[in-house]
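Asks: There's a structure below that I have some questions on.
Quick note: the coordinates plus some simple rules give every number you see, no bench work behind them. It should be emphasised that the depicted structure is a prediction, and the values quoted were computed from it without experimental measurement. Quick reminder, even Gly has a Cβ in these numbers, built from the backbone with ideal geometry, and neighbours come from all protein chains shown.
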Amino acid sequence: MKFKKWRDVINEGTPLKLLYFYTDWCEYCEKQKEILDKIPDWDSFSYAEINADERPDLAIRYSPQIYPSISIITENNVVGGLYGYNDSQQIEETMLIALDLYNGGGKLFSEKNLKNVSKRTYNVTDAIDLIKRNCLAFFDIYYGGFEREPKYYLPNVLRFLLRDKKDPYSLEVVKYTVDAVIYNLWNEGFYAYAKKYDWSEPSKEKLLDINAEMVITLLETYERTKDDYYLGYAIETGKWILKNRDREFYPIAVGENKGGYYMPVNSEIGEMFYLLYKYSNISKFLEESTRLAKILPEKLSHNLESDSPLFLIDMAYLLRFLSSMGKGIELIPKIKDLFYGGDAFFDVPLSLAREEKIGRFKLLTDNSVLAQALLKLGVVNEATKIANFFLKSFYNYTYFSQAEYGMLLAMLNENV
């Protein structure tokens with residue numbers, strides 16, 4: 001396969017586009033690329049190779065966000081795909097099915113008439129309760145963590161569960177999971193997930209944004225339990241993250257393939273260092289968070305080492321970091337100018353959507369993180385508008401995206 005850039009592929013006349021999504025750090029991506037390179041080009045197809053970390057906008061539209069992955073799209077639809085490592089036979093079979101569907105094969109299912117189906121709008125309390133049930137439904141009561149294989153620990157879900165200070169069961173879920181993750185996945189920093197349900201086979205990669213989120217989770221677990229065990233691991237993980245700075249910024253991963261240097265990753269790390277200082281009073285954490293708070297607003301680029309598009313997710317995490325220090329309110333006009341959609345915020349600027357021929361979407365996670373920052377800065381009306389907008393649709397998103405929204409709703413309840 002001869003791969004081109006996204007912008008070149010969308011302007012070609014071929015009816016089917018095969019999109020190969022990868023990251024620099026993923027375990028099987030290089031091996032998958034070797035297989036793809038050996039498959040000859042097919043008529044009716046053109047091929048794009050996309051780094052999902054560089055282009056989160058394309059990844060969320062066209063991939064399952066598990067890498068490596070392959071998506072086959074037409075002008076209007078995603079018609080097929082694969083994720084994880086696949087051999088050439090599986091790939092070509094999928095291409096053949098997609099081509100057959102495009103040419104009129106398969107069965108046509110008529111769309112159900114949903115006009116008369118009423119959509120439920122939840123109040124804040126009921127929404128929080130539903131999100132909690134949805135998160136706990138994926139909890140493994142035998143081994144801790146969420147789902148089976150792979151097994152995840154999902155710091156933002158744990159942090160959401162910690163918000164309910166009246167629920168002892170949620171606290172036990174958090175402690176059981178955190179204890180299992182420390183025992184099985186900690187080696188200076190945390191591995192990204194476990195391949196086995198019993199945590200017995202850690203992934204090969206350590207991602208710095210997940211580690212930063214986990215440090216914050218440990219701090220909040222310490223706050224609830226007053227157990228120095230959790231604070232100690234938070235401090236040691238923070239020290240390890242600090243050692244992995246590469247010149248000015250932090251890469252997304254630690255290991256042979258570090259990947260790029262991205263705004264959300266560095267913003268989460270900055271927020272983590274500031275909170276870590278507040279709990280530990282270790283001055284080097286404050287110095288590093290202060291340094292990042294100064295240089296990140298001067299960059300305003302998704303990739304901090306190149307001229308790249310700016311996404312809402314970049315500004316949301318940056319603003320949440322700065323808001324934890326009582327800063328960042330001067331960025332709000334720029335965020336509105338680029339992304340404002342009247343109630344919630346679009347994920348990409350209008351200019352980029354036109355250039356790349358992609359739609360604009362109001363996404364739950366990006367908006368929830370942004371609204372959390374707005375609340376911290378006292379911009380309550382805008383945060384409330386975002387929260388109200390998603391009350392009628394949050395349940396359509398994954399449970400870990402719902403958890404970020406649940407934290408926003410809990411903050412609003414506390415703010416009343």
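Asks: Report the Stokes-Einstein translational diffusion coefficient (µm² s⁻¹, integer) for the chain, Rh taken as the Kirkwood radius over Cα pairs, at 4 °C with viscosity 1.567 mPa s.
Replies: 57 µm²/s
Asks: Moving on to the next point. Given contacts defined as C-alpha pairs under 8 Å and at least six residues apart, what's the relative contact order of segment 124-415, whole-number percent?
Replies: The normalised contact order for segment 124-415 reaches 16 percent.
Asks: When a footprinting reagent is the concern and you count Cβ atoms within 10 Å, what order do MET411, MET272 take, fewest first?
Replies: Going from least to most buried by this count: MET411, MET272.
Asks: Here's a follow-up. Using a basic spin-label model with each label point 7 Å from the Cα along Cα→Cβ, how many nm lie between ARG291 and VAL379?
Replies: For the pair ARG291/VAL379, the computed spacing is 2.9 nm.
Asks: Tell me the mean residue ellipticity at 222 nm calculated for the chain from its helices only (DSSP H runs of n ≥ 4, each -39500 (n - 2.57), averaged over every residue, nearest 500).
Replies: Using -39500 (n - 2.57) per qualifying helix, the result is -16000 deg cm²/dmol.
Asks: Let me ask you something else. How big is the antiparallel share of DSSP beta bridges in the chain, given as a percent to the nearest 5?
Replies: The antiparallel proportion sits near 70 percent.
Asks: Right, next: In Å, what Kirkwood hydrodynamic radius results for segment 178-306 from the alpha-carbon pair distances?
Replies: 15.0 Å
Asks: For the pairs LYS278/LYS334; LYS294/LYS357; LYS31/LYS196; LYS243/LYS334, flag any whose C-alpha to C-alpha distance is greater than 25 Å.
Replies: As for pairs spanning more than 25 Å Cα to Cα, those are LYS278/LYS334; LYS294/LYS357; LYS243/LYS334.
Asks: Mind computing the radius of gyration and Dmax over the alpha-carbon atoms of segment 80-201? Å is fine for both.
Replies: Both quantities, over Cα of segment 80-201: 20.9, 57 Å.
Asks: While we're here: What is the angle, in °, between the Cα long axis of helix 380-390 and the longest principal axis of the Cα atoms in the chain? Nearest 10 is fine, range 0 to 90.
Replies: It works out to around 40 degrees.
Asks: Beyond 20 Å, how much of the Cα-Cα pair distribution for segment 278-416 remains, as a whole percent?
Replies: 49 percent
Asks: Mind giving me the nanometre distance, one decimal, between the label points for TYR229 and GLU75, set 7 Å out from Cα along Cα→Cβ?
Replies: Label-label distance for TYR229 and GLU75, simple model: 6.1 nm.
Asks: I'd like the orientation of helix 263-280 relative to the chain: the angle between its Cα long axis and the longest Cα principal axis, in ° from 0 to 90, rounded to 10.
Replies: It is inclined by approximately 20 degrees.
Asks: Another question, then. Using the 10 angstrom Cβ neighbour count as an exposure proxy, how do VAL157, VAL178, VAL78, VAL124 rank, fewest first?
Replies: So the ranking, lowest neighbour count to highest, is VAL78, VAL124, VAL178, VAL157.
Asks: For segment 15-70, take the convex hull of the Cα atoms, compute a quarter of its surface area, and give me that in nm², please.
Replies: 3.9 nm²
Asks: Taking the chain as a whole, which cysteines find no other cysteine Cβ under 4.7 angstrom from their Cβ?
Replies: CYS135
Asks: At 7 Å along Cα-to-Cβ for each site, give me the label-to-label distance between LYS33 and ASP87 in nm.
Replies: Going by the 7 Å Cα→Cβ label model, 2.3 nm.
Asks: Can I ask one more? What Kirkwood hydrodynamic radius do you get for segment 6-102 when you take the inverse of the mean 1/r over all pairs of distinct Cα atoms, in Å?
Replies: Roughly 13.3 Å, rounded to one decimal.
Asks: Still on this structure: Determine the principal axes of the Cα atoms in segment 172-244, then give the extent along each, sorted from largest to smallest and rounded to whole angstroms.
Replies: For segment 172-244, the Cα extents along the three principal axes come out at 31, 30, 15 Å.
Asks: Same structure, new question: Give me the angle, in degrees from 0 to 90, between the Cα long axis of helix 168-185 and the longest principal axis of the Cα atoms of the chain, rounded to the nearest 10.
Replies: 70 degrees
Asks: Right, here's the next one. Taking neighbour Cβ counts within 10 Å as the exposure measure, how do ASP227, ASP179 sort from fewest upward?
Replies: ASP227, ASP179
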